[in-house]
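The values are calculated or read from the model by the stated rules, or taken from the named source; none is laboratory data. Every value quoted in this text rests on a predicted model; they were computed, and no experiment measured them. Note that we place each Cβ from the backbone using ideal geometry, even for glycine, and neighbour counts take in every protein chain shown. Side chains are part of the model used for accessible areas, which takes the heavy atoms of the whole protein and leaves out ligands, DNA and RNA. Shrake-Rupley method; radii C 1.70, N 1.55, O 1.52, S 1.80 Å.
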Amino acid sequence: MIQLNKKNLYSYKKTRLAIQMILNIAKEYLRRLRIVEKQLDRLKDDAKETAENREVFKLLEIQNTLTYFTTSLKGNEIIMERLMRTPNVKMYEEDQDVLEDAIIENRQAIEMASIYQQITAALVDAFGSIISNNLYHYITYTFWYNQNYYHYQNNLLTLHINLNHSLINN
């Protein structure tokens, strides 16, 4: 939930109220992006120990979340820039400063979301490589085991035949 700083909230100044809400929305995105960063760190640690479908699906969820975040943040950026350029909107000097702060916070959130999207894409690739590598080792081991098992069975059969043959001849 977004927390508004009530002591600086001017509801009678409609433009400032709107700008303060936009600033708080940008700050909330930044807070949520830090949560995403922690989730990514946990998934990176999990990748070192095991690569399971569960982690891959979590990464895909994070990718989707980041896509929605980026889309929303870019929409907010357009609104803020229009607000900045619109001469008909009554703004006090402090409103201009708050709007500039909101634009900076929003751009920072867009940049963070973009970086986390790149990290997530790299992690998805890494998980795919780990799973592929594990599958390769499993198949190689299974093939080796089956080959050795076949030779072992074949050797036992040969030994059994030779023993029977020796017993019959003696």
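A few comments on the model shown:
- Filtering region 52-75 to residues that are over 15 Å from ILE35 (Cβ atoms), basic (Lys, Arg) and surrounded by 12 or more Cβ atoms within 10 Å (Cβ to Cβ) leaves only LYS74.
- From the options LEU163, LEU167, LEU123, LEU157, residue that is at pLDDT below 90 and loosely packed, with under 10 Cβ neighbours inside 10 Å: LEU167
- Residues in region 38-65 that are within 8 Å of the chain's Cα centre (by Cα) and aliphatic (A, V, I, L, M) were compared, and the one that is modelled with the highest pLDDT is ILE62.
- Taken over region 12-34, the criterion of being within 22 Å of THR65 (Cβ to Cβ), of a type in the set (Ser, Thr, Tyr) and modelled with pLDDT under 90 is satisfied by no residue.
- Cβ pairs under 6 Å, 6+ apart, first in region 90-109 and farther than 15 Å from THR15 by Cα, second crowded, with 16+ Cβ neighbours inside 10 Å and among the basic types (Lys, Arg): GLU105/LYS27
- Residue within region 76-91 that is open to solvent by 30 Å² or more (accessible area, probe 1.4 Å) and under 20 Å from ARG32 (Cα atoms) present: yes
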